[in-house]
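See below for the structure under consideration.
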Amino acid sequence: MLSFPGQSFRLCDGVTRRDALRLGALGMGGLSLASLLQAEALAGVSNSHKAVIMIYMCGAPSHQDMYDLKMDAPAEIRGEFKPIDTAVPGIQICEHLPRLARIMDKLVPLRSVYGSPDGDHDSFICYTGRHKRIQPTGGWPSMGSVISKLQGPVNPAVPPFVGLSPNAGHPPYGSPGLPGFLGIGHAAFRPSGESRADMLLNGVSLERLGQRKELLGHFDRFRREVDASGMMRGLDTINRQAMDILTSSKLAEALDLSKEDPAVRERYGKGDTKNFGDGAPRNLEHFLLARRLVEAGCRVVTLNFGRWDFHSDNFNGLKQTHLPQFDQGLSALIEDLHQRGMDKDVSVVAWGEFGRTPQINPEAGRDHWPQVGGGLLAGGGMRTGQVIGETDRLGARAINRPVHFGEVFATLYRNLGLDPNTAPVHDLAGRPQNLVDAHKPMPELI
């Protein structure tokens with residue numbers, strides 16, 4: 001008997017479940033692992049291989065308080081943080097990011113990211129590189145779903161796309177990236193914390209499981225014959241994935257941090273597993289899980305971190321909660337990838353949906369500023385140890401080398417072995433859609 005305790009939510013058919021799975025009811029009206037995968041998808045919620053780890057900084061961090069400090073600006077613009085030197089001469093970042101400063105030769109700060117059409121909080125552009133305003137039927141798919149479709153799994157027992165992003169009070173903060181027109185068969189697999197121990201058969205024989213799989217096929221046959229929506233094709237993919245997971249311990253082992261070297265776990269730290277307001281937790285173990293998942297065979301892993309929407313008390317919020325933990329988790333991940341020889345194969349991106357206002361408001365906060373923001377890249381065989389982009393004296397506009405979200409996506413797709421301009425996916429009408437909108441990989445990184 002298997003159980004998946006977790007959060008309760010209501011499915012589209014009105015059924016409420018508490019993230020519970022019982023293998024004894026597989027495909028027979030009870031909740032199965034396939035049902036779990038389908039529900040997570042509908043809710044929106046190895047060999048050497050190329051991979052991407054995407055870190056969504058919920059709510060949009062202030063670029064001018066992290067990688068683009070403006071010491072020549074007036075006090076009401078520059079704020080209270082001071083810059084520090086890094087491992088690369090001439091590059092300075094915030095004093096509250098000392099660990100990242102020490103490995104700047106392995107990083108690429110982006111100081112001129114643009115492309116967000118408005119100041120709305122949404123992870124969509126961070127996972128797709130596109131706007132939500134104009135979409136084909138079904139919506140644009142996230143990078144993880146595209147890679148699931150085009151490249152499939154490295155190992156059948158390990159989903160190609162895993163979302164470590166837990167649900168959040170503001171739903172877009174908790175999205176792992178949506179499958180869009182590619183359908184639920186290419187949605188992120190979302191393992192909840194306690195479910196990782198239940199991805200094993202735990203005494204159920206493969207023969208018995210095979211009998212239940214055969215019975216499930218009989219139940220599905222009629223539904224497949226009458227289905228006109230294409231949903232069953234997605235369910236077929238989900239069912240195969242569920243059986244592969246249940247008949248191998250590889251995914252469960254990747255999610256089991258007790259198997260990790262204690263010294264490595266200590267370097268990453270724990271952080272805080274509670275959601276920060278309506279945002280995400282500052283869970284440093286998710287950085288380590290991302291590395292372990294990629295090592296096990298995942299191609300794309302997404303995670304969310306914190307809530308950076310500091311309209312008030314910006315500087316205390318950053319220095320007391322977010323920056324030190326982000327500094328520890330991300331630096332540990334990047335150093336770990338290099339030490340394991342994975343840095344050429346695994347690309348890392350960390351960013352939010354837009355930047356913050358140059359002007360500090362009366363509540364000591366910074367408001368939404370879609371005109372320009374920042375981000376950080378690492379790994380993927382990219383040319384690191386450089387800054388790309390420049391903003392004006394106030395950090396308000398890009399004045400040199402503006403970088404569109406789509407350019408970063410084109411670069412990441414290239415790192416994964418795809419040509420973003422000639423490797424299309426097909427939408428629900430059968431029309432080919434490019435992976436990015438007329439953007440090319442960034443030449444500075446190649």
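The values are calculated or read from the model by the stated rules, or taken from the named source; none is laboratory data. Predicted model, so just to flag it, every value in this text is computed and none were measured. Positions of Cβ are backbone-derived with ideal geometry, glycine not excepted, and every protein chain shown enters the neighbour counts.
Within segment 110-120, how many residues turn out to be surrounded by fewer than 22 Cβ atoms within 10 Å (Cβ to Cβ) and in contact with a strand residue (DSSP E or B) (Cβ under 9 Å, 6 or more places away or on another chain)? Please lay out each step first, then the result.
To start, the set of residues in segment 110-120 that are surrounded by fewer than 22 Cβ atoms within 10 Å (Cβ to Cβ) comprises 114, 117-120.
Now drop any that are not in contact with a strand residue (DSSP E or B) (Cβ under 9 Å, 6 or more places away or on another chain), which leaves 114, 118-120.
Result for segment 110-120: 4.
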- All positions within segment 331-359 that are in contact with a Gly (Cβ under 6 Å, 6 or more places away or on another chain) and surrounded by fewer than 22 Cβ atoms within 10 Å (Cβ to Cβ): Asp343, Lys344
- Note on the structure: Picking from Asn167, Asn155, the residue that is more than 27 Å from Thr422 (Cβ to Cβ), touching a Ser or Thr at 6+ places or on another chain (Cβ under 6 Å) and of a type outside the set (Phe, Trp, Tyr) would be Asn155
- Query: Yes or no: Phe315 within 22 Å of the chain's Cα centre (by Cα), modelled with pLDDT of 95 or more and closer than 26 Å to Thr273 by Cα?
  - Reply: no
- Query: Which residue pairs have Cβ atoms under 7 Å apart, sit 6 or more places apart or on different chains, and have a first residue in segment 297-321 that is within 26 Å of Glu253 (Cα to Cα) and a second that is basic (Lys, Arg)?
  - Reply: Phe305/Arg282
- For segment 404-426, indicate whether the set of residues that are surrounded by fewer than 21 Cβ atoms within 10 Å (Cβ to Cβ) and closer than 21 Å to Pro176 by Cβ is non-empty. yes
- Item | Leading residue by the ranking (surrounded by the most Cβ atoms within 10 Å (Cβ to Cβ)) among those in segment 260-285 that are among the basic types (Lys, Arg) and closer than 16 Å to Arg340 by Cα | Arg267
- Query: Which of the residues spanning segment 272-302 are within 15 Å of the chain's Cα centre (by Cα), part of a strand (DSSP E or B) and over 21 Å from Lys344 (Cα atoms)?
  - Reply: Arg282, Asn283
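On the given criteria, is Leu288 out of contact with any strand residue (DSSP E or B) (no Cβ under 8 Å at 6 or more places or on another chain) and either among the hydrophobic types (A, V, I, L, M, F, W, C) or surrounded by fewer than 17 Cβ atoms within 10 Å (Cβ to Cβ) (or both)?
So Leu288 fits the description; yes.
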- Message: Against the definition (modelled with pLDDT of 95 or more, of a type outside the set (Phe, Trp, Tyr) and touching a His at 6+ places or on another chain (Cβ under 6 Å)), how does Gly374 come out, yes or no?
- Response: yes
- Do you know which residues across segment 151-181 are among the aliphatic types (A, V, I, L, M) and farther than 24 Å from Arg292 by Cβ? Leu178
- Could you grab the pairs with beta carbons closer than 7 Å, sequence gap of 6+ or different chains, first residue in segment 87-99 and of a type in the set (Asp, Glu), second one in a loop (DSSP other than H, G, I, E, B)? Glu95/Phe81; Glu95/Lys82
- Query: Of the residues that make up segment 421-443, is at least one assigned to a helix (DSSP H, G or I) and either out of contact with any Phe, Trp or Tyr (no Cβ under 8 Å at 6 or more places or on another chain) or under 27 Å from Met104 (Cβ atoms) (or both)?
  - Reply: yes
